[in-house]
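Note sheet for the following structure.
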Amino acid sequence: MAKDTIRRDRVLLHNGLLALVLGYPLAIAASGALHQLMRFLGAGPVVGQLTMWVVYPLWIAVIALVFLLPSKRAGWIWLALANALAAGACYLLMQAGGSAA
């Protein structure tokens, strides 16, 4: 019984650290993609404030959802893929919008 508790604690610690380390870049990249998309669509002067304040709810959502993943390996794979997709979307939207920032 004690070994199961220690193992569960290690998995929880690992998932929490994983969410902190890979969740923040994912939230930043998703916020950047949202920013570029809103600028591309001509959303107006609210774009900067909205994308600035959306980072932390996205990060908290990632931290909460990472505990639903079945294994450590799945956490690394899903968060790495999500980071790559979000960064790629941000890059493509920046190229489509023609802006550098």
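The values are calculated or read from the model by the stated rules, or taken from the named source; none is laboratory data. Please read all numbers here as calculations on a predicted model, not as lab measurements. FYI the Cβ positions are ideal-geometry reconstructions off the backbone, even for glycines, and counts take in every protein chain you see. Please note that ligands, DNA and RNA were not included when accessible areas were found on the heavy atoms of the full protein model with its side chains. Shrake-Rupley method; radii C 1.70, N 1.55, O 1.52, S 1.80 Å.
Brief remarks on what is shown
- Simple spin-label estimate for residue 81 and residue 53 in nanometres, 7 Å along Cα-Cβ: 3.4 nm
- Packing rank of 11-18, 23-30, where each peptide gets the mean count of other beta carbons within 10 Å, highest leading: 23-30, 11-18
- The calculated 222 nm mean residue ellipticity attributable to helices in the chain amounts to -29000 deg cm²/dmol, summing -39500 (n - 2.57) over DSSP H runs of n ≥ 4 and dividing by all residues.
- Site pair residue 91 and residue 72 shows an inter-label distance of 3.0 nm when each label is modelled 7 Å from Cα along Cα→Cβ.
- Taking the Kirkwood radius as Rh and the Cα radius of gyration as Rg, the chain has a ratio of Rg/Rh equal to 1.13.
- For the chain: accessible area per residue (Å², 1.4 Å): 69 Å²
- Relative contact order %, the chain, counting alpha carbon pairs below 8 Å whose residues are six or more apart: 44 percent
- Taking only protein heavy atoms and a 1.4 Å probe, the accessible area of the chain is 74% carbon and sulfur.
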